[in-house]
Amino acid sequence: MPSESSVTIRRILVPLDLNRMSEAKLPLAEAQARAFGAQLVLLHVIPSSPAPDGMPTSTESQAQSYLDAISARLRGEGTDVKSVVRFGPVVETILDEIRSLGADLLVIGSNVRRGISRLLLGSVAEELVAQSPCPVLIVRPDVTEAERTMPVRSFADDVARSGPVAPRHLGIRTVDVERIVGSVGRATELDSNFRIQTNRRLEVQRYNGILKAMESGVSLPPVVLYKLGYGYYVLDGNHRVAAAKQLGLPEIEADVTEFVPLADAQTKRVFAERRAFESTTGLTTIGAARPGSYNQIEDMIRAFAQTQPSLDLRDAAAVWHARIYLPAARVIRSLRLREHLPGYRTADIFVEVARLRESLFRELGREIDWEDAARALRDRLAAARPASPPHAARAGGA
């Protein structure tokens, strides 16, 4: 067994459910990260299969929004943190993540039942303790931290998780319906499809009227949304969002205000870069999370615009978006490259694919199409996954 002084913890994996009781393990995980200068990786596992086309589902969007809120606070406090959403059987997926990350410590919670003083491990925790290739730290949650599970996320709760924020009005834009994850002030009143949970005749009639109007193509005012991290929260327009979901509409027009975490320097920088990018190109649906991505994409658009002398920059950007970015983004999503790059969004991965594509062109002397470049990136990332480090002992505690 290695001596205590020889233990090195570089990466700590923290699986999380979408509630406060699950967050009870975070203070201890943060303390371990600070003590060892380690990176925290926040993981949420969805026990189902991803969408075949790789597009985010409502469940995935809720999970990513939750992890983004927590990550913003941790980054603001100086912690190196990444967030990951995975699909599959819970235990097997967590174990696979330990191995692929080369995690040095797993922090999990125990089940707590009122009236029973001893710590009780649930079946997931028991299997992880038995099978984990790295030490396991078990945290018993305080039952007073339990909260009601709501079908949609609460903006107030997620702002509290992220820390102080500042509003920035973005204006009218198109938003993916599946990324609308919660409500401002009415989360307790809505079901998972944003229908108000009531049998009042006037509410039902109002919803049916909006549904019929949208089905007939009648133009309605934009919904009003707040954006925090990956997700959007409805301030005004629950009926319109519910109707869009029922009709299977992929997008909805919205007046958006983004709330930027004040202590998260990375998020603030990316926000400023995105505002400049959108002002220059007119493109408002490209989502990046890493500093520098918007600047590099703008450089690509400017290079493309030079091949389109009859178009101004904004018109060239629209053509580039339709002809190059959207097809490449579909490939990136279908290959689920985000699973190999925690903390990256589609636009960040597009930059990585573009960089590899240029490198392959120099190496091979011929142009590589975007799909082949994306597949090459996937293969390289898979080959570069670290092997699980050997561990001689497990740790546990209440």
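Placing +1 on the Cβ of every Lys and Arg and -1 on the Cβ of every Asp and Glu, with no other charges, gives the stretch 150-263 a dipole of roughly 220 debye about its Cα centre.
Ranked by the mean number of other Cβ atoms within 10 Å of their residues, highest first, the peptides 275-285, 175-185, 194-204 fall in the order 175-185, 275-285, 194-204. The peptide list 125-135, 100-110, 206-216, 72-82, put in order of mean Cβ contacts within 10 Å with the highest first, becomes 100-110, 72-82, 125-135, 206-216. Expressed to the nearest 5 percent, the antiparallel share of DSSP beta bridges inside the stretch 150-263 is 65 percent. Looking at the chain only, what percent of DSSP beta bridges run antiparallel? Nearest 5 please. Approximately 40 percent, going by the DSSP bridge assignments.
In a reduced charge model with +1 at each Lys and Arg Cβ and -1 at each Asp and Glu Cβ, the chain shows a dipole moment near 400 debye about its Cα centre. The slack between residue 10 and residue 272, meaning 0.36 nm per residue of separation minus the straight C-alpha distance, is 91.2 nm.
A short reminder: the numbers here are calculations on the coordinates, not readings from a lab. A quick note: this is a predicted structure, and the numbers were derived from the prediction, not measured. Don't worry about glycine lacking a Cβ; one is built from the backbone with ideal geometry, like all the others, and counts go over all protein chains shown.
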